[in-house]
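A.B. asks: One structure is given below, represented as structure tokens, and several questions about it will come after.
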Amino acid sequence: MTDPRLNVLVVGAGMYVCGTGTPGFGTILPSLFQASREGSVNEITIAATDPAKKDSVMERAAGLGRQLNVDAAVRYVPSEGSRDPDAYLRALDASSFDCAIVSVPDHLHYTVTRNLLLRGLHVLVVKPLVPTVAEADELIRLAELQDVYAAVELHKRFDESNLRIKRMLREGSIGDVLYCLVEFSQRQDIPLARFREWAARTNIFQYLGVHYADLIYFCTGARPVRAMATAQKRLLAAEGIDTWDAVQATIEWRTPGLEFVSTILTNWVDPLTTTAMSDQKIKWIGTRGRIEADQKRRGLEFVGPQGIQDINPYFSEFLPDSDDQLQFGGYGHRSIDQFLQDVRALRGNRVRAADLNAARPTFRDARVATAVVEAVNDSLASGGAWTTVNA
């Protein structure tokens, strides 16, 4: 029996969905177009709040169709009228969907995801899942009650570089881990322009640092014990955005017989002239060796009229296949496509939602990173005090 083609609801129409505010196409919509080309996806519905964005989104969809040579069925709601924060609910009332992908501002994750789970949909949520453990626990409870597959789009788990690191750590290649150091930053136009409407409702650790909090857990299996954070407000506050420019978080981790510390340094005030949207490095230091990964400089550099660009072709990129036809691939795409393939297997009755818990970034698995985020936020609120992680 062939697994069914999926009708997919996407909640949100921002940068990660379709490249809004950038010259590109984003990651989610190209992944769905690639899946449509491969026979996994039937119809795509994008539900946002602003009907005025319809023409722009549909133009990008048409451009994607030309890039990938695929005639994917796409519609946008609301198509007219005033702004509608509940457009996704009206889409659910009007049509039937197999799954949903949530890509909205952090503070809306809980409400939107809860409503989708109550409708019995399989759900993929971009990171962070939610800011608090209480919200995560409620969503886990609902997903299990509804017997649906609920996952977080933690694409760093699909990066070959990180998978190789995981293997080395699990094999003891560097001995006992002593500490891990992460430097992760983004350009200042993210909070100043692209996310300006809601940047003050989050912070750089919650929005970005959560990736590496999850990755440390994924690579080692260690549980976070306590966290302490410091932060600075300068540039963004001066621009009328009341959030931290930079956050430095120290987290203690524990496995049976071993404890180690991670320090995650994050900011989103890098200059616009930096060579990539994200600058990211990770180091692991052990008793018998070290691992260092520069996850910005992947070895592909482009120098053109606008300056120098470090290109990461492994995240998400249009690349020619053996027939010289462009296809969309990379670990960002694989993260989304894995969810789609899992939903198809569920709809084809080949697996159960519970079968996926051990091998996927489910809500229950992503709860660990949520607990780190909450502890870091609590530490910031208390002036940098050590805070127990409720993992």
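The values are calculated or read from the model by the stated rules, or taken from the named source; none is laboratory data. Note that the coordinates shown come from a computational prediction; the quantities given were computed from them, not determined experimentally. All Cβ positions, even for glycine, are placed from backbone atoms using ideal geometry, and neighbour counts span all protein chains on display.
A.B. asks: Mind checking whether some residue in region 288-306 is polar (S, T, N, Q), closer than 30 Å to Cys180 by Cα and not assigned by TED's automatic domain parsing to the domain that holds Leu181?
C.D. replies: So far as region 288-306 goes, no, none of its residues is polar (S, T, N, Q), closer than 30 Å to Cys180 by Cα and not assigned by TED's automatic domain parsing to the domain that holds Leu181.
A.B. asks: Condition test on Ala151, is it touching a strand residue (DSSP E or B) at 6+ places or on another chain (Cβ under 6 Å), assigned by TED's automatic domain parsing to the domain that holds Pro105 and crowded, with 22+ Cβ neighbours inside 10 Å?
C.D. replies: yes
A.B. asks: Hey, among Asp137, Asp159, Asp71, Asp84, which residue is more than 17 Å from the chain's Cα centre (by Cα), of a type in the set (Asp, Glu) and modelled with pLDDT of 95 or more?
C.D. replies: Asp137
A.B. asks: I've got another one for you. Scan Ile165, Ile190, Ile216 and give me the residue that is assigned to a helix (DSSP H, G or I) and closer than 23 Å to Gly12 by Cβ.
C.D. replies: Just a single option satisfies the conditions, and that option is Ile190.
A.B. asks: Out of curiosity, is Asp189 surrounded by fewer than 16 Cβ atoms within 10 Å (Cβ to Cβ) and either touching a residue at least 12 places away in the same chain (Cβ under 8 Å) or on the phi < 0 side of the Ramachandran plot (or both)?
C.D. replies: So Asp189 does not fit the description; no.
A.B. asks: Give region 262-317 a look and list any residue that's touching a Gly at 6+ places or on another chain (Cβ under 7 Å) and assigned to a strand (DSSP E or B), or say none.
C.D. replies: Ile264, Thr266, Gly286, Glu317
A.B. asks: Step by step: first the residues of region 240-261, then only those that are part of a loop (DSSP other than H, G, I, E, B) and under 22 Å from the mean Cα position of the chain (by Cα), then the one that is nearest to Ile311 (Cα to Cα). Which residue is that?
C.D. replies: Result: Asp245.
A.B. asks: Just wondering, is there one or more residues in region 369-390 that are under 27 Å from Asp3 (Cβ atoms), part of a helix (DSSP H, G or I) and modelled with pLDDT of 95 or more?
C.D. replies: For region 369-390, residues under 27 Å from Asp3 (Cβ atoms), part of a helix (DSSP H, G or I) and modelled with pLDDT of 95 or more: absent.
A.B. asks: Do the conditions hold for Val11, that is, is it within 17 Å of Leu340 (Cβ to Cβ) and either within 24 Å of the chain's Cα centre (by Cα) or charged (D, E, K, R) (or both)?
C.D. replies: Yes.
A.B. asks: Taking region 251-295 as the search range and keeping residues that are of a type in the set (Ser, Thr, Tyr) and free of Cβ contacts under 8 Å to residues at least 40 places away in the same chain, which one is surrounded by the most Cβ atoms within 10 Å (Cβ to Cβ)?
C.D. replies: Thr275
A.B. asks: Moving to a separate point now. Give region 193-213 a look and list any residue that's part of a helix (DSSP H, G or I) and farther than 30 Å from Leu169 by Cβ, or say none.
C.D. replies: Passing the criteria: Ala193, Arg194, Ala199, Ala200, Arg201.
A.B. asks: Given the condition crowded, with 21+ Cβ neighbours inside 10 Å, touching a residue at least 60 places away in the same chain (Cβ under 8 Å), of a type in the set (Asp, Glu) and outside any strand (DSSP E or B), answer yes or no: does some residue in region 325-340 qualify?
C.D. replies: Checking region 325-340: not a single residue is crowded, with 21+ Cβ neighbours inside 10 Å, touching a residue at least 60 places away in the same chain (Cβ under 8 Å), of a type in the set (Asp, Glu) and outside any strand (DSSP E or B).
A.B. asks: I'd like the full set of residues that are surrounded by fewer than 19 Cβ atoms within 10 Å (Cβ to Cβ), of a type outside the set (D, E, K, R) and over 28 Å from Gln327 (Cβ atoms), limited to region 69-94.
C.D. replies: Within region 69-94, Ser79, Gly81, Ser82, Pro85, Leu89, Ala94 qualify.
A.B. asks: Also: Go through region 119-134 and count every residue that is in a helix (DSSP H, G or I) and either without any contact (Cβ under 8 Å) to a residue 60 or more places away in the chain or in contact with a His (Cβ under 6 Å, 6 or more places away or on another chain) (or both).
C.D. replies: Total meeting the criteria: 1.
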